[in-house]
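Note sheet for the following structure.
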Amino acid sequence: MPPVCPDIERGRNGAGIEEILKEVEGNDIIQTGKASKNQIGGIRMLESDNYNMPEAKIKDFFLKPGALHAQEFFDVGYTVDDVEKLNRDIDRHFDIGFAFDKVSFPDGREKFSIFMNLGVTKQRRFRTVWQKDTPEEKPRFITAHRE
């Protein structure tokens, strides 16, 4: 089993996110702690120094009652209002040095996983899955679930 980042123990189809962000260069960025929100058309983007993801990835999948993995996040104390908190927690625990299950494709894409201990009332291990659409781009968040 791949290790969990020590910090954690304490506590394509289509255009990539980087391409979309380049199209809206110069748009206002609203600071929200360590992460920031970028409005792209009608899509709110959560961004960190490590990765990019649409706000809807958390809001409409991980913290939406009835969605596939939502109960796993609710069981560790997140609520439907914790979009920014979950993003900050993921950002805090993201460490590419702990990536495993790496798969590289001829077109330059790379997929990988990182284990993270996430939670508000209790910490549990989640597998987070990422994809880099080109070697130069930041990874984009694909999914997360209890492991």
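Read-outs throughout are calculated quantities, based only on the coordinates presented, and are distinct from any laboratory measurement. Please read all numbers here as calculations on a predicted model, not as lab measurements. Please note: Cβ atoms are built from the backbone with ideal geometry, for glycine as well, and neighbour counts cover all protein chains shown.
Here are the numbers for this structure:
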{"item": "For segment 49-109: Kirkwood Rh in Å [reciprocal of mean 1/r, alpha carbons]", "result": "13.2"}
{"item": "Nitroxide proxy distance, nm - points 7 Å out along Cα→Cβ at residue 67 and residue 80", "result": "1.2"}
{"item": "Amide N proximity, segment 59-78 versus residue 120 label position 7 Å along Cα-to-Cβ, cut-off under 16 Å", "result": "59-66, 70-78"}
{"item": "Cα-Cα over 20 Å, subset of 57/111; 85/111; 57/132", "result": "85/111"}
